[in-house]
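I have placed the structure first, in the form of C-alpha cells, so that the comments after it can refer back to it.
The values are calculated or read from the model by the stated rules, or taken from the named source; none is laboratory data. Computed from a predicted structure; not experimentally measured. Cβ coordinates were reconstructed from backbone atoms using ideal geometry, including for glycine residues, and neighbour counts include every protein chain displayed.
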Amino acid sequence: SSVPIVALPLATERVYLISDYGLPVSELSMRFSFANFDNEFDNVDSEKWWFTVQNEDTMEEKRNVHAFNKMHPSQYVEWRPSSEGQRYAKPGEPDKEFEARMMALLEWIDDQEQNVICLVCHWGVIKWLVDEEFKNCEVQEFSLTKQESRWQRTTKLTNN
C-alpha cells in the first residue's frame with residue numbers, strides 16, 4: 001500500500017508577515033500533484049485557507065470547520081511589535097486563533113489510523129508542537145502522547 005500524502009491547512013505556518021500567506025489550492029495542487037488536496041481543504045475557502053481578516057459581507061458562505069482562520073476586522077487587535085514604528089501589510093494570526101489551530105492539528109494527528117506520521121511544516125508549528133527550535137530543513141523524530149487536554153513530547157528519538 002502507498003503512503004498517503006495529505007496537504008493539511010492546519011499545519012500551515014502562523015501568519016506573521018505577508019510572506020506567510022499561502023497560494024490558492026488550485027495552484028498548489030498543480031505544483032504538488034502527488035499530494036491529496038481534496039480531503040482536508042474540502043470545508044475551507046480554497047482561495048484563502050490561511051488566517052485572514054475579512055468583512056462579513058465578503059466572507060464566503062461555506063461550512064468552515066476551521067473557524068479560526070477568518071476574523072472580522074472589528075475583532076482584530078494588532079499583537080505584533082509596533083513600538084518602533086513597525087507596519088505590517090496584512091494582519092497576523094493572533095495567539096488564540098493559532099493555539100486553536102494547533103490544538104485542532106493535534107486532534108487531527110490523533111484521529112489518524114497511522115502510528116507514524118511525517119509532518120512537514122514551518123518553524124512556528126514545530127516550535128509550538130515540541131517547544132524546540134529547529135534549523136532550516138532539519139529532521140527530527142519525536143513521540144507525542146496526549147496528557148489531559150494537552151499533548152506532550154515524551155521522547156526525542158533521533159536528531160538527523
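Report whether or not LYS146 is at pLDDT below 85 and either touching a Cys at 6+ places or on another chain (Cβ under 8 Å) or surrounded by fewer than 13 Cβ atoms within 10 Å (Cβ to Cβ) (or both). Please lay out each step first, then the result.
Working: at pLDDT below 85: yes; either touching a Cys at 6+ places or on another chain (Cβ under 8 Å) or surrounded by fewer than 13 Cβ atoms within 10 Å (Cβ to Cβ) (or both): yes.
The answer is yes for LYS146.
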Tell me whether region 47-61 contains one or more residues that are at pLDDT 90 or above, exposed (fewer than 14 other Cβ atoms within 10 Å of the Cβ) and in contact with a Pro (Cβ under 8 Å, 6 or more places away or on another chain).
no
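If a residue must be in a helix (DSSP H, G or I) and free of Cβ contacts under 8 Å to residues at least 40 places away in the same chain, how many such residues does region 66-101 contain? Break it down into steps so the answer makes sense when it comes.
So in region 66-101, the residues in a helix (DSSP H, G or I) come out as 67-69, 73-75, 95-101.
Filter again for free of Cβ contacts under 8 Å to residues at least 40 places away in the same chain, leaving 67-68, 73-75, 95-96, 99-100.
Of the residues in region 66-101, 9 are in a helix (DSSP H, G or I) and free of Cβ contacts under 8 Å to residues at least 40 places away in the same chain.
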